[in-house]
Ligand code: PMP
């Protein structure tokens, strides 16, 4: 018997994707000095980073990282439960719990791993997991890994979510949603979802990777902005690699949740703890994100300036008041061409194409940051105006 060769099959799939002109491309960045970066010998004004508060370059974060590295070295040396859990991790967990108004918090090395860990620890095979169709890939993957019955409701459709929850009433159920949707920038109807979960005895989980630092009075995120407590949203997850300018993630909630994850979340247990120096930098980032309100104010002023200018130009803006401001272009080639033309003008805004977004919904995912000045926003608007996006029927090349 001859088995099909796995690598050959993979090569065919890769070739097909390339042929469809949907291949993902890797760019090496030589230097980043937000909002500018250097790549292929060119300095580009970036509108694609998730460094929403402009903290990734902050000298105080860099100093905290260096000082902790001097004290603790580079790697943590092991998993948290062996001997990798350092004082820097503990201090960060405490600060994150306090910021988000939760009893406790637990660090994970990445957001992807946090979501896998939560789903796998909470859900038993065959139990119901209801999710927004536009949730981040790792929430979907987590439900599949847990062997849950995954039901996906149309984006932000609470009535559809209710029907899916009500269809199975006996078993435990988890409803998971992004707080801010990563490719659209809009915010989930969290209050409605919370009351639905309360009335249906389901557990609500919010992934606030793109809301933390950006939304809420002191940046505590979309859940805090809506005044929702630990009782409304028992499982809150967010990342440290976006507005906080670092890397890693955490889950915040009750002692029951955190103790349980510590025992059962395999992506927490069986992996090396993040470098303690990174935890020290993230602790510094939490302090700055909470106290330096000017960062959110500046970001919000840029969002308003961009949306006002884009509306005047008739650009296909999507409804969003967050740092993610996509322009819906429809056709994948059109989005790619727009991105290439912008790059030729020294601006970097990436085209997001299927399968990351649904067919026919390719877009330029423009992200704004507190590192952008008014002149940067104007430069972007000027470049977008020159693309004449508003005059192109979907599918026509730019
Ligand atoms: N959740 C959401 C909503 C995300 O956008 C991302 C990453 N972009 C993740 C989780 C994964 O986080 P990380 O990059 O830390 O793995």
Inter-site label distance for residue 125 and residue 67 at 7 Å from Cα along Cβ, in nm: 5.1
Kirkwood hydrodynamic radius (C-alpha pairs) into Stokes-Einstein, the chain, 20 °C and 1.002 mPa s, D in µm²/s: 97
Potential lengthening between residue 313 and residue 1 on full extension [0.36 nm per residue; Cα-Cα distance subtracted]: 106.0 nm
Simple spin-label estimate for residue 321 and residue 290 in nanometres, 7 Å along Cα-Cβ: 2.5
The range 129-217 - convex hull of the alpha-carbon atoms, volume per residue in Å³: 88
Ascending count of other beta-carbon atoms within 10 Å, so fewest first, for 212, 37, 55: 37, 55, 212
Mean Cα-pair separation over length for the chain, i.e. relative contact order, pairs under 8 Å, 6 or more apart, %: 21
Hydrodynamic radius (Kirkwood) for the range 262-389, which is based on Cα pairs only, to one decimal in Å: 16.9
Relative frequency of Cα-Cα separations exceeding 20 Å in the range 199-310, percent: 51
At R0 = 56 Å, FRET efficiency that the Cβ-Cβ distance of residue 83 and residue 386 yields, to 0.05: 0.45
Reference-scaled alpha-carbon Rg (2.2 N^0.38 Å with N residues) for the range 59-291: 0.98
Beta bridge orientation in the range 180-311: antiparallel %, DSSP, nearest 5: 60
Per-residue Cβ neighbour rank within 10 angstrom, fewest leading, 127, 8: 8, 127
Contour minus Cα-Cα distance for residue 272 and residue 38 (0.36 nm per residue): 81.1 nm
Histogram of C-alpha separations across the range 261-303, 5 Å bin width, %: 6, 18, 13, 13, 16, 12, 10, 10, 3
Value of [θ]222 nm, deg cm²/dmol, for the chain, DSSP H segments ≥ 4, -39500 (n - 2.57) each, nearest 500: -13000 deg cm²/dmol
Added length on full extension, which subtracts the Cα-Cα distance from 0.36 nm per residue, residue 137 to residue 24: 39.1 nm
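Bear in mind that the values in this text are calculations on the coordinates, not laboratory data. Every value quoted in this text rests on a predicted model; they were computed, and no experiment measured them. Virtual Cβ from ideal backbone geometry, glycine too; neighbours counted across all protein chains shown.
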